[in-house]
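Sharing a structure, written as structure tokens. Questions coming.
Taken together, the values in this text are just the output of simple stated rules run on the coordinates, not laboratory data. Keep in mind the model is a prediction, meaning the values are calculated, not measured. FYI the Cβ positions are ideal-geometry reconstructions off the backbone, even for glycines, and counts take in every protein chain you see.
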Amino acid sequence: MNEIVLETKALTKYYGSTLAVDHIDLKIPRGCICGFVGRNGAGKTTAIKLMLGLLRPTAGLSRLLGCDSSALTPAIRQRIGYVTEGHRLFRWMSIGGLEKFQRAFFAKQWDDKFFADMIEYFELSKKQKIKHLSNGQRAQVSLAFALAPNPELLIMDDPTLGLDAAIRRQFLEGMIELIMRQGRTVLFSSHILGDVERVSDRIVVIDKGVLRANCSLEQFQKAIKKAILSFADSAPDEVNIDGFLHCKRSEKGLELTLVGTDDEEIAEWAKSAGAENYRIVKMNLEDQFIEFTAPANHRRLFQWEER
Amino acid sequence: MRFSALLRKELRECLPWLLLAAIVLLVFGGFFLRAETYYESDRHYSRLSAGTVVDHYQLTFYPTLNLTGPWLFCLSIGLGLVLGIRQFWIPHFTRTWPFLLHRSVSRKTILTAKLTAALVACVISLGPVWIGLYWYANRPEVFAIPQTPRVFIEGWIFIMLGLVAYLGTALSGLSTANWYTTKIFGLVLATIIIVTTLSQCTLAGIFAVIAVSIAILLVQIFDTFLRREY
Amino acid sequence: MPLWIQILPGSGEPIYVQVAEQISKAIARGELSSGDKLPAVRKLAAELVINPNTAARAYSRLEQAGLVTTKTGSGTFVSDPKLRRTDAADINMLTERMDTLITRGLNLGLEAQDLISLFESRLAKFGNKSKKQEEEK
């Protein structure tokens with residue numbers, strides 16, 4: 001029903017002997033905002049560069065708007081907006097000069113008024129040179145340049161890294177504005193899970209190059225939960241419940257982190273384990289993400305000495 | 001329209017170096033030219049009378065422009081190095097490759113724009129000044145003996161060697177080799193070509209070496225640029 | 001009174017639920033009366049900076065609870081209180097919340113009578129508004 005605008009199949013990338021991206025399978029449908037999350041160094045930028053044909057995959061394939069990523073034609077590239085990591089633009093150019101440069105590549109697509117309005121909204125002048133802009137201002141300019149050609153597919157690589165809350169909000173507004181136009185799709189990577197929660201339809205989680213989650217945001221948020229159980233004597237040593245991620249033990253209690261376990265299953269297990277009481281706790285997206293991508297032997301880094 | 005936008009951008013980036021090279025050649029080239037006029041007569045007449053046979057082609061701007069010539073050579077190589085660095089090394093540091101490469105043009109077009117800009121820059125910055133210096137040197141009141149066409153051609157040979165230096169620098173800049181010894185392959189190759197050119201016996205030999213080496217360098221550059229990862 | 005909704009992304013409550021709840025509260029407080037038009041989905045999404053689908057889901061949720069009705073082409077309107085359904089699930093949820101309140105109150109040391117007076121005073125605040133609206137009609 002919905003056309004797939006971004007597709008990868010077993011996408012893999014080795015840097016020498018280091019595995020950066022490990023057999024990623026993605027299918028992003030048209031019309032959604034997809035949040036790409038992962039810890040630092042998880043492989044998000046590598047994956048994005050592979051999708052845009054800036055890197056060549058070691059194995060697997062990637063397709064954007066139906067076209068193979070290693071052979072993206074100029075016509076296809078014209079339909080794809082790309083906000084690069086760090087918003088790196090030509091430092092010696094003025095905003096107006098860069099606008100002229102950009103316009104040459106978009107012919108009828110470029111929305112002059114929209115760009116001018118955005119620059120005015122950001123309180124910038126077209127005469128300013130890129131090198132004289134602060135990081136935040138450069139990000140704003142970068143956003144304006146990405147949105148003015150009205151792209152079908154907008155890919156943003158960590159666009160709000162290091163930026164203040166106001167500018168982050170402007171990026172979200174830009175994304176919402178774009179998605180409301182017919183048939184647009186947005187893929188953005190971010191560390192700010194609050195932003196992802198706010199605007200995303202779908203979430204993709206990458207951890208150490210491996211795809212850990214690829215579903216609607218609602219499914220992800222419903223799937224990861226915590227169950228707190230209390231026991232009369234001591235908690236059972238073994239936890240053999242479906243979807244078990246990890247647990248934290250206290251004297252007479254157990255805090256379980258679970259993925260995809262139904263409430264009924266939890267109730268059943270609690271009963272069979274002899275729990276006195278249990279409750280299922282809601283988690284916010286940030287906690288869910290942290291628990292989901294925590295290492296297998298989930299321990300705290302610091303432990304205070306008891307005196 | 002897209003190519004001209006790229007070309008304009010590349011030329012604008014070369015502009016300061018282009019102007020600097022032209023001005024330096026004009027000022028210092030002119031200075032050396034004036035200096036040489038004082039020594040010209042002694043040197044020339046004594047050589048001719050000795051009847052020595054020049055057994056190989058020497059790019060020494062004999063009988064005149066002995067200082068101006070080498071100065072043009074240095075500037076040309078220098079300009080080539082700087083342009084190569086500006087177009088192919090600097091984008092790595094400013095991290096602007098991803099932005100440029102995502103423009104809606106083929107990679108070939110991007111590279112062609114860069115090469116065209118460098119060619120134009122080398123030719124129009126040093127070419128007119130060289131023509132001017134040669135013309136001035138040819139005027140009867142400057143040197144008693146008129147300049148030979150050979151001297152004029154030699155100037156252009158030096159400008160072409162500047163392009164060789166540019167291509168070598170470009171190739172080095174594009175190299176994905178990690179270790180610095182292999183990365184400078186392009187520069188080493190350019191140096192070898194230049195030395196080979198300067199030691200040729202005939203004018204035909206010189207042009208052959210330059211033509212073949214530019215062709216080889218261009219093929220390598222295109223291949224590397226199109227395949228490379230950013 | 002203008003509609004004001006605050007989104008708390010880190011709260012653990014899905015955003016569409018937060019939006020629906022706050023609109024629901026506004027209706028209960030009388031800030032929105034029956035027949036009032038709610039902002040269009042796109043406008044709400046743009047103002048709150050949330051995904052339009054999320055805004056649409058909030059409205060769906062309200063519609064399922066019978067608090068609003070959507071007329072295709074015209075928009076979403078607050079429904080007539082007399083036409084609002086209350087089914088078993090809603091009553092259950094209400095009972096659950098009441099239990100939470102009572103537990104809290106008792107744990108704080110309040111007596112049953114204190115709880116009743118507190119409840120009545122709060123109800124009066126809501127009641128006043130809807131009474132006023134009735135009188136104005």
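For B:Ser106 and A:Asp237, FRET efficiency with R0 = 60 Å and r from the beta-carbon atoms, rounded to 0.05?
Efficiency, rounded to the nearest 0.05: 0.40.
Right, here's the next one. Would you please give the FRET efficiency between B:Ile216 and A:Asn2, computed as 1/(1 + (r/R0)^6) with r the Cβ-Cβ distance and R0 = 51 Å, to the nearest 0.05?
0.50
Still on this model: Considering every Cα-Cα pair within segment C:1-111, what fraction, in whole percent, is farther apart than 20 Å?
46
Give me the net charge of A:Val239's neighbourhood, meaning all other residues with Cβ under 12 Å from the Cβ of A:Val239; Lys, Arg count +1, Asp, Glu -1.
Local net charge: -2.
Please average, across the residues of A:97-106, the number of beta carbons from any other chain that are within 10 Å of each residue's own beta carbon, and give a whole number.
4
While we're here: Could you give the length gained on full extension between A:Lys208 and A:Ala59, defined as 0.36 nm per residue of separation minus the Cα-Cα distance, in nm?
51.9 nm is the gain from fully extending A:Lys208 to A:Ala59.
Show the residues, 5+ positions off or on another chain, whose built amide H is closer than 5 Å to the amide H of A:His246.
Distant-sequence amide H within range of A:His246: A:Thr257.
Could you bin all the Cα-Cα distances of the protein assembly as shown into 20 Å bins starting at 0 and give me the percent of pairs in each, rounded to whole numbers?
Each 20 Å bin holds this share of Cα pairs: 14, 34, 27, 15, 7, 3, 0.
Here's another thing I want to ask about it. Can you order the peptides C:50-56, A:190-196, B:168-174 by their average number of other Cβ atoms within 10 Å per residue, highest first?
With the highest mean Cβ count within 10 Å placed first, the list reads B:168-174, C:50-56, A:190-196.
Then there's this: Under 16 Å from a label point 7 Å along Cα→Cβ of A:Asp25: give me every residue in segment A:52-83 with its amide N that close.
Within reach of a label on A:Asp25: A:60-63.
How many Cβ atoms of partner chains, on average, are near each residue of B:101-108 if near means within 10 Å of its Cβ?
Counting other chains' Cβ atoms within 10 Å and averaging over B:101-108 gives 6.
While we're looking at this one, here's another question. Rounded to the nearest 0.05, what FRET efficiency do B:Phe207 and A:Trp92 have when you use their Cβ-Cβ distance and R0 = 30 Å?
That gives a FRET efficiency of 0.20.
Kindly rank A:10-17, A:33-40 from highest to lowest mean number of other beta carbons found within 10 Å of each residue.
By packing density, highest mean first, the sequence is A:33-40, A:10-17.
Sorting check: for A:218-226, A:269-277, A:230-238, which peptide has the highest mean count of neighbouring beta carbons within 10 Å, and how do the rest follow?
The most tightly packed comes first, giving A:218-226, A:269-277, A:230-238.
Report, as an integer, the average count of C-beta atoms from other chains found within 10 Å of each Cβ along A:178-190.
What the average comes to for A:178-190 is 1.
Among the DSSP beta bridges whose two residues both lie in the protein assembly as shown, what percent are antiparallel, rounded to the nearest 5?
Taking every DSSP beta bridge within the protein assembly as shown, about 70 percent pair in antiparallel fashion.
Please give the length that would be gained between A:Phe244 and A:Ala165 if that part of the chain were fully extended, namely 0.36 nm times their separation in residues minus their C-alpha to C-alpha distance (nm, one decimal).
24.9 nm
Right, something else. Give me the net charge of A:Glu99's neighbourhood, meaning all other residues with Cβ under 9 Å from the Cβ of A:Glu99; Lys, Arg count +1, Asp, Glu -1.
After counting each charged neighbour, the total is +2.
Let me know the Kirkwood hydrodynamic radius for segment B:75-230, please, with Cα pairs as the basis and the value in Å to one decimal.
16.9
Could you go through segment C:39-48 in sequence order and give the Karplus-derived ³J(HN,Hα) for each residue, using 6.51 cos²θ - 1.76 cosθ + 1.60 with θ = phi - 60°, rounded to whole Hz, and x for Gly and Pro?
Per residue, the Karplus-derived 3J(HN,Hα) values read x, 4, 3, 5, 5, 4, 4, 5, 6, 8 Hz.
Filter the trypsin sites (Lys or Arg not before Pro) in segment A:118-161 down to the DSSP loop ones having no more than 10 other Cβ atoms within 10 Å, then list what survives.
A:Lys127
Further question: Can you list the lysines whose alpha carbon is less than 28 Å from that of A:Lys226, not counting same-chain residues fewer than 8 positions off?
The reachable lysines, counting only those whose Cα sits under 28 Å from A:Lys226, are A:Lys44, A:Lys208, A:Lys248, A:Lys252, A:Lys271, A:Lys282.
Note down the net charge around C:Leu118, summing +1 for each Lys or Arg and -1 for each Asp or Glu among other residues with Cβ under 14 Å from its Cβ.
0
Using 7 Å Cα-to-Cβ label points, what is the A:Arg279/A:Tyr121 separation (nm, one decimal)?
It works out to 4.3 nm between the two label points.
Grab the Cα-Cα distance for C:Asp99 and C:Lys43, subtract it from 0.36 nm times how many residues apart they are, and report the gain in nm with one decimal.
Between C:Asp99 and C:Lys43, full extension yields 16.4 nm more.
With N denoting the number of residues in segment A:101-237, provide Rg(C-alpha) divided by 2.2 N^0.38 Å, to two decimal places.
1.41
Continuing with the same structure: Using all Cα-Cα distances in chain A, what percent lands in each 20 angstrom bin from 0 up to the longest?
Bin by bin from 0 Å, the calculated values are 29, 49, 19, 3.
Points 7 angstrom from Cα along the Cβ direction at B:Ile124 and B:Thr191: gap in nanometres?
3.3
Let me ask another. Nearest 10 degrees, 0 to 90: what angle lies between the long axis of helix A:112-121 and the longest principal axis of chain A (Cα atoms)?
Its long axis makes an angle of about 60 degrees.
In addition: Taking the 0 to 90 degree range and rounding to the nearest ten, how far is the long axis of helix A:165-179 tilted relative to the main principal axis of chain A, both from C-alpha atoms?
80
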